[in-house]
Amino acid sequence: MTRQMTGAKMIVQALIDQGVDTVFGYPGGAVLPIYDEVFQQNSIKHILVRHEQGAVHAAEGYARSTGKPGVVLVTSGPGATNAVTGLTDALMDSIPIIVLTGQVPTFMIGSDAFQEADTVGITRPCTKHNWLVKETDKLSGVIHEAFHVATSGRPGPVLVDIPKDVQFATGTYTPKAPSTSHYQPQVKGDLDAITELVEAIEKAKRPIFYTGGGVINSGPGASQLLRELVESTGFPITSTLMGLGCYPASGDKWLGMLGMHGLYEANMAMHGCDLMINIGARFDDRITGVVDMFSPKSKKAHIDIDPSSINKVIRVDIPIMGDVGHVLEDLLKIWKSRGRKTNSEAVAKWWKQIEEWRAVDCLKFTQKGNTIKPQYALERLEALTKDHDRYICTEVGQHQMWAAQYLGFEDPNRWMTSGGLGTMGYGFPASIGVQMAHPDATVINVAGEASWLMNMQEMGTAVQYRLPVKQFILNNERLGMVRQWQELLHGERYSQSWSEALPDFVKLAEAFGAKGILCDNPDDLDDAIMEMLNHDGPVIFDCVVEKHENCYPMIPSGKAHNEMIMGENVDTQTAIDKDGAVLV
Amino acid sequence: MSALKIKKGANSHSAYNLRPNFSDVVERHTLAVLVENEPGVLARVIGLFSGRGYNIDSLTVAEVDHTGHLSRITIVTSGTPQVIEQIKAQLGRIVSVHDVHDLTVEGASVERELAMFKVAGKGDHRVEALRLADIFRANVVDSTLESFVFEITGAPEKIDAFADLMRPLGLTEVARTGVAALSRGD
């Protein structure tokens, strides 16, 4: 059955057919026909953000917390260019996003028309794929294909640019159907390679699972299979920033996050292992430290759906291309059918070694005096919210690393953070997207005051839609991570890294019609956090913390996993040598 | 995208070799990339090379299947084996790319390039240019009393050699198409 309708109506119809319930967007001249259709329906809720960057981050938060793609609708020119940071963020972290942009009418393209930009040109390197649709008849097919591309294989952001005359013209609507395009990424791994990994698992003396965001992207089933694999083999497991929650933080095989600000035991185990099983992680430079000295004695297996991730940074011995869930299913089947063997004696010895590293207690800190330590603030936040139906977002910087270290994640899709791109300003709009998807959950954005200010206009959105997002700002009046690097690397010359002229956050909250809470005394902290949690509405929590706290442990740039520096008694002036200084 | 069943040590049935032997020697590879002929597809491929810092020594592109709207891009690139493997994997994940073939490793192949040379001169130089063109089986496609335009087809090395010989005889302009390549046999 074919149906005739305008391009604008097709867009809304295609979104409905794709099961979209929420769109984040901002209107403008080149999308007015679409907004007219949005006005005349009730199936899709439109969330009016205050800046297009916020729309994309909100859609990312929605996508990460639900596993469904996020949808954004913005206008041409500045609407599209403002979306670029969010698109790049989603590309780096493999988040499925569909961005629909308006474009000047086809007959004006190339004439430097008002609010014209070469949107597909600008976004080509920051999307997984993009389309400029010049015929209304093709529009619905392209939108359906956009959902297919965004969500298949390694997920990512896509963009569809739609000129205004295409929105007005009438054409034939193509209903949603299974994709027949040539783009059908392989999800099953090669059984010979999986068997090779099983053989390695059976023999390993010092094994470790190194997991990443690929486990989360593969769906909750993949996390379940991973848990079964970890429990039945008894091997230790660590995860990247992006993979937190794929294995529960309360599990006894959990070593904590690894990497530059990862836990001592996790990094030492990575350095000393004899079998590294990378599941859906990509050997990012925050993980490996200096590549030449990365886990020198281990056999490395790598499960990844993207062949370009395999052997890109680290040469691996057992490459397995496929979806994490599918590969783990086959892996467990083969391992069980061969008699569930491991070298348990050697692994027990390995655990004894790991326990020694654990005993170092690399996250210990002392809360004393009248100033709140940021670690203490997060420890209390964890204690008071861990039993909640809780979702955590973060901005980027020290607070982000402390949140990864001190908060525990029991399930996937509960942790939204900008990992690859490191986008300050990500967390607040992301928390709005999460709260839209989970109206009854406790959604907290752990922020630094500088990051938070980058997208603070979204307070308007939070208040308008009565979204009770909690903005937990660790306020040190500094760009803390920049300051830390200047201390370690640039002779304590703190160039432009303090926050002058900060707003009064309580008054700011009130100006938006929200609640503000100030807390600067450790004795008041629990009560203040409870007040935040009990308030039914958005809250800005201004948690004034120690100004010069550094984030440890840390692998200094240019160093290996076994050369971490710890929190106490660090000589900050010699931690990084001149070869390490050029690295970021 | 081609099927990617990865066998131990195998690399013949896939553009991706996930078990390569890496060395530091820079190699020259000719890649044949079959792409959907849609607007911007060439920009995607070129943007990948510039964005990730890979080399393009030569690039040719034209639609080869008018009903299926497929274009064939032939790219000559150079890099260490690890870089070459990355290039192929990165090309393979572009949504508009149907297939990537590394003609340099997938058995024997033939490479051809077309070039045109404008040679201006008088007297002996003019005679010598014509004589050498005959040896190289280059055709004269335009002539004035003081210049020739030669057309020559061959492997890039042959064209380089012809250019070297023409230079002292009054070579004024060169146009080259870049390499087109096909694997031998069926």
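For A:Glu487, the conditions (1) in contact (Cβ under 8 Å) with a residue 40 or more places away in the chain; (2) under 26 Å from the mean Cα position of the chain (by Cα) are fulfilled apart from (2). I'd like to know if segment B:132-141 contains one or more residues that are within 14 Å of chain A (Cβ to nearest Cβ) and either without any contact (Cβ under 8 Å) to a residue 24 or more places away in the chain or assigned to a helix (DSSP H, G or I) (or both). Checking segment B:132-141: not a single residue is within 14 Å of chain A (Cβ to nearest Cβ) and either without any contact (Cβ under 8 Å) to a residue 24 or more places away in the chain or assigned to a helix (DSSP H, G or I) (or both).
Within segment A:190-202, residues that are away from chain B (no Cβ under 13 Å) and at negative phi have Cβ atoms under 6 Å from residues that are surrounded by 15 or more Cβ atoms within 10 Å (Cβ to Cβ) and among the β-branched types (Val, Ile, Thr) in these pairs: A:Val198/A:Ile334, counting only partners at least 6 apart in sequence or on another chain. Restricting segment A:150-167 to residues that are under 13 Å from A:Phe107 (Cα atoms) and either within 11 Å of chain B (Cβ to nearest Cβ) or not hydrophobic (A, V, I, L, M, F, W, C) (or both), the residue that is surrounded by the fewest Cβ atoms within 10 Å (Cβ to Cβ) is A:Asp165.
Say we look at segment B:98-115 and pick out the residues that are small (Gly, Ala, Ser) and part of a loop (DSSP other than H, G, I, E, B); which of these is nearest to the other protein chains (Cβ to nearest Cβ)? The selected residue is B:Gly107.
None of B:Val76, B:Val95 is over 18 Å from B:Val26 (Cβ atoms) and either away from chain A (no Cβ under 14 Å) or not in a helix (DSSP H, G or I) (or both) except B:Val95. Restricting attention to segment A:429-453, the residues that are of a type outside the set (S, T, N, Q) and over 15 Å from A:Thr417 (Cα atoms) total 9.
Restricting attention to segment A:168-185 and to residues that are in contact with an Asp or Glu (Cβ under 8 Å, 6 or more places away or on another chain), surrounded by 14 or more Cβ atoms within 10 Å (Cβ to Cβ) and more than 14 Å from chain B (Cβ to nearest Cβ), the residue that is nearest to A:Ile109 (Cα to Cα) turns out to be A:Gly171. B:Pro81 meets each of the listed conditions (1) within 14 Å of another protein chain (Cβ to nearest Cβ); (2) modelled with pLDDT under 95; (3) surrounded by 14 or more Cβ atoms within 10 Å (Cβ to Cβ); (4) farther than 19 Å from A:Ile310 by Cα apart from (4). For segment A:348-373, filtered to residues that are without any contact (Cβ under 8 Å) to a residue 24 or more places away in the chain and in a helix (DSSP H, G or I), the residue that is nearest to A:Arg206 (Cα to Cα) is A:Ala348. Exactly one residue out of A:Asn455, A:Asn476 is in contact (Cβ under 8 Å) with a residue 40 or more places away in the chain and touching a Phe, Trp or Tyr at 6+ places or on another chain (Cβ under 8 Å): that is A:Asn455.
Of the helices (runs of 4 or more DSSP H) entirely within segment A:170-252, those holding at least 3 residues that are of a type in the set (Gly, Ala, Ser) and under 24 Å from the mean Cα position of the chain (by Cα) occupy A:220-233. If only residues of segment A:495-518 that are more than 28 Å from the chain's Cα centre (by Cα) and exposed (fewer than 14 other Cβ atoms within 10 Å of the Cβ) are counted, the one that is nearest to A:Pro468 (Cα to Cα) is A:Gly513. The condition of being at pLDDT 95 or above and either part of a loop (DSSP other than H, G, I, E, B) or in contact with a helix residue (DSSP H, G or I) (Cβ under 6 Å, 6 or more places away or on another chain) (or both) holds for only one of A:Leu508, A:Leu583, A:Leu533, A:Leu525, that being A:Leu525. Tallying residues that are within 21 Å of A:Pro27 (Cβ to Cβ) and either buried (at least 24 other Cβ atoms within 10 Å of the Cβ) or not β-branched (Val, Ile, Thr) (or both) within segment A:112-129 yields 7.
Scanning segment A:528-584 for residues being among the aliphatic types (A, V, I, L, M), over 26 Å from A:Ala266 (Cα atoms) and in contact (Cβ under 8 Å) with a residue 24 or more places away in the chain gives a total of 8. Criterion first (more than 27 Å from B:Thr74 (Cα to Cα) and either in contact with a Cys (Cβ under 9 Å, 6 or more places away or on another chain) or modelled with pLDDT of 95 or more (or both)) does B:Glu113 satisfy it? No; evaluated as a whole, the condition is false for this residue. Only one of the numbered conditions (1) of a type in the set (S, T, N, Q); (2) in contact (Cβ under 8 Å) with a residue 60 or more places away in the chain; (3) surrounded by 14 or more Cβ atoms within 10 Å (Cβ to Cβ) is not met by A:Asn521, and that is (3).
The values are calculated or read from the model by the stated rules, or taken from the named source; none is laboratory data. Being a predicted model, the structure only gives us computed values, none of them experimental. No Cβ is skipped: glycine too gets one built from the backbone with ideal geometry, and neighbour counts run over all protein chains shown.
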